[in-house]
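The values are calculated or read from the model by the stated rules, or taken from the named source; none is laboratory data. These figures come from a predicted structure and were not determined experimentally. For neighbour counting, all protein chains shown are included, and Cβ atoms are generated from backbone atoms with ideal geometry for every residue, glycine included.
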Amino acid sequence: MNDNWPSLRWRLKYCRANGKPLLPKKTDDKLTVVLDLDETLLHTYHDSDAKPSQLDYSVAVPVPLPIPDYDAQCVVHGSLRPGVTQFLEWAASMFELVVWTAGTKWYAEAIVNKLDPERRLISHVLSQKHCIELEVISGVACYLKDLELLGRDLRRTVIVDNTPHAATFNLSNLIPIESFFGCEEDQRLDRLKQFLAAQQAAGEKDIRLVLHRQLDLKRRLRHKVAEWVEEEEE
C-alpha cells in the first residue's frame, strides 16, 4: 500500500496534466463547503437490506452500456439523513455548496436532482471521474478528493466526509462526520450547522486554523498510525 500511495511529485503531475481547475472561478469570499453524498447526506440501500419504512426516495440511475444508442437503468432506494433538506437550505444561503461523491456521474446527478430538484442550492456536482483513483489492495480502489484541483482558496474551503481517507491530501480542511446508515434519531447535520454558523460568526479568515485548534486531525491520525504500527510489530 505504501508503495502505491501518491507522492507529492505524482500529485503535481496529475494537476498539471488536467489543466484548468474543476470549478469555474468565483469572485466572492464565501466559504466553499464540499459535501460527500453516501453515508454523509444519505444512505443508499442494497435491495436485500431495504425496508419500506426506511425509504425516503427511489431513483432511476442510468447505466451506460457498450452498445450504441442503448442504456440500461438501475433503481436505487435510500434514506435521507435527518435534517438534510433544512441543512442544504440554510447552508446555500451562506456558502458555496459543492457535492463530491466517489460514485459515478450518473448516480451523482440522479441523487442531487432528488436532493435539490430546482438546482438552486447545490452549485456544483463532482463525481468519481474527478477523484484520484488509487489501488490500495489488489482489485480494490480508493478514491481521493484533492481540494487543490477545485481552484478554490483552501483558507476558505472545507470538506465534510464520513471517510477521512478521501481527504488525505487536505486533512487540514476536513470536517469528519459519522457515517449515516438510516438512524432516524441522527442529529449530525444539526451539529454541523451549529459548527459552521459559529465559524461564520467568528469571521476567521483561514478555516484551517479553526479546524486545527478544534480537531487537530493530523496529530490524531499520526497517533492512530503509530498504534497500528505497534500492533503489527507485536
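Of all residues in the stretch 122-135, those being surrounded by 13 or more Cβ atoms within 10 Å (Cβ to Cβ) and over 16 Å from the mean Cα position of the chain (by Cα) number 1. Scanning the stretch 156-195 for residues that are in a strand (DSSP E or B) and touching a strand residue (DSSP E or B) at 6+ places or on another chain (Cβ under 6 Å) yields 157, 158, 159, 160, 174, 175.
For residue 196, indicate whether it is at pLDDT below 90 and under 30 Å from residue 28 (Cα atoms). Steps first, please.
Values: at pLDDT below 90: no; under 30 Å from residue 28 (Cα atoms): yes.
Considered against the rule, which asks whether it is at pLDDT below 90 and under 30 Å from residue 28 (Cα atoms), residue 196 comes out as no.
The condition of being surrounded by 16 or more Cβ atoms within 10 Å (Cβ to Cβ), in contact (Cβ under 8 Å) with a residue 60 or more places away in the chain, touching a His at 6+ places or on another chain (Cβ under 8 Å) and on the phi > 0 side of the Ramachandran plot holds for only one of 83, 182, that being 182. In the stretch 92-138, counting only strands (runs of 3 or more DSSP E) that sit wholly within it, the ones holding 1 or more residues that are hydrophobic (A, V, I, L, M, F, W, C) and under 20 Å from residue 31 (Cβ atoms) span 96-100, 124-126.
If you go through the stretch 104-115 and keep only what is surrounded by fewer than 19 Cβ atoms within 10 Å (Cβ to Cβ), touching a residue at least 24 places away in the same chain (Cβ under 8 Å) and not polar (S, T, N, Q), you end up with 105, 106, 114.
Going by what's in this entry, would residue 153 be described as farther than 25 Å from residue 79 by Cβ, acidic (Asp, Glu) and modelled with pLDDT of 95 or more? Answer is yes for this residue.
Of all residues in the stretch 139-155, exactly one satisfies the criterion of being assigned to a strand (DSSP E or B), of a type outside the set (Ser, Thr, Tyr) and touching a residue at least 40 places away in the same chain (Cβ under 8 Å), namely 144.
Restricting attention to the stretch 6-49 and to residues that are modelled with pLDDT under 65, assigned to a loop (DSSP other than H, G, I, E, B) and more than 22 Å from residue 101 (Cβ to Cβ), the residue that is nearest to the chain's Cα centre (by Cα) turns out to be 7. The residues of the stretch 55-91 that are part of a loop (DSSP other than H, G, I, E, B), modelled with pLDDT of 90 or more and over 17 Å from the mean Cα position of the chain (by Cα), listed by number, are 56, 82, 83.
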